[in-house]
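Right, one structure below, let's go through it.
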Amino acid sequence: MSDENKTPEEQPEEASPGAEAAEKQSDTVEETAADPVEVLNAENAELKDRALRTMAEMENLRRRTEKEIKDARQYAVSGFARDMLTVSDNLRRALEALPEEDRRNADAGVASLIEGVEMIERDLLNQLEKNGVKKLTPEGQKFDPNFHQAMFEVPNTEVPNNTVVQVVQAGYVIGERVLRPAMVGVSKGGPKDVAQAAAASEEAGQTVDKSA
């Protein structure tokens, strides 16, 4: 009997395209369904990462706050300290206005007055230093525009060029900031730096006649 003569009951059942697609989709969903343990591990890792980031941000905020508080305390007296430098300058000018010979020949009363002014100047500088204000001593150092203000040049071939050879007005710093730059005179005409000065000195030594 041919297939055409078979009754519908005898015909082989053929799966419809829709049924096959649904079955395949079901299998795919089952295969791709995430393991609950893996889901929890992923969520746990994400929460841990967020917690670590939050802790790092809080630590950075704490450090910034501490630095701001420290700076506020340290530099709060900057204006007052700058005004006190004027007092210190005037005391120094008063002492320097008196010739050395007059100081040596001064009577007991004048000598006591001079000593008292010197003590006041030292005490003022000590109090400023206790509050973070330090005096710059740039003489003999290389000129640094961050801390020094050049007022004039001094011809001098014995020291490297741009060396501070004279301090006109003392400079001060508070913490890491310049409260007042030192007004200085710098050398001109010498070697550009210490290395060149050493090389020039060595060259000069080699030209000396050592046959004697």
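The values are calculated or read from the model by the stated rules, or taken from the named source; none is laboratory data. What you are looking at is a predicted structure, and each value in this text was computed from that prediction instead of being measured. Reconstructed Cβ throughout: ideal geometry from the backbone, glycine too, with neighbour counts over all protein chains shown. We work out accessible area using only protein heavy atoms, side chains counted, and drop any ligands, DNA or RNA first. Shrake-Rupley method; radii C 1.70, N 1.55, O 1.52, S 1.80 Å.
Within the stretch 162-180, the residues that satisfy the criterion of being assigned to a loop (DSSP other than H, G, I, E, B) and either open to solvent by 80 Å² or more (accessible area, probe 1.4 Å) or within 30 Å of Lys70 (Cβ to Cβ) (or both) are Ala170, Gly171, Gly175, Glu176.
Filtering Pro160, Pro155, Pro99 for residues that are touching a helix residue (DSSP H, G or I) at 6+ places or on another chain (Cβ under 7 Å) and either at pLDDT 90 or above or of a type outside the set (S, T, N, Q) (or both) leaves a single hit, Pro160.
Scanning the stretch 27-68 for residues that are under 22 Å from the mean Cα position of the chain (by Cα) and modelled with pLDDT under 85 turns up Lys67, Glu68. Pairs meeting the criteria (first residue in the stretch 156-174 and closer than 20 Å to Gly189 by Cβ, second residue aromatic (Phe, Trp, Tyr) and open to solvent by 50 Å² or more (accessible area, probe 1.4 Å), beta carbons under 8 Å, at least 6 apart or on different chains) are Asn162/Phe143; Thr163/Phe143; Val164/Phe143.
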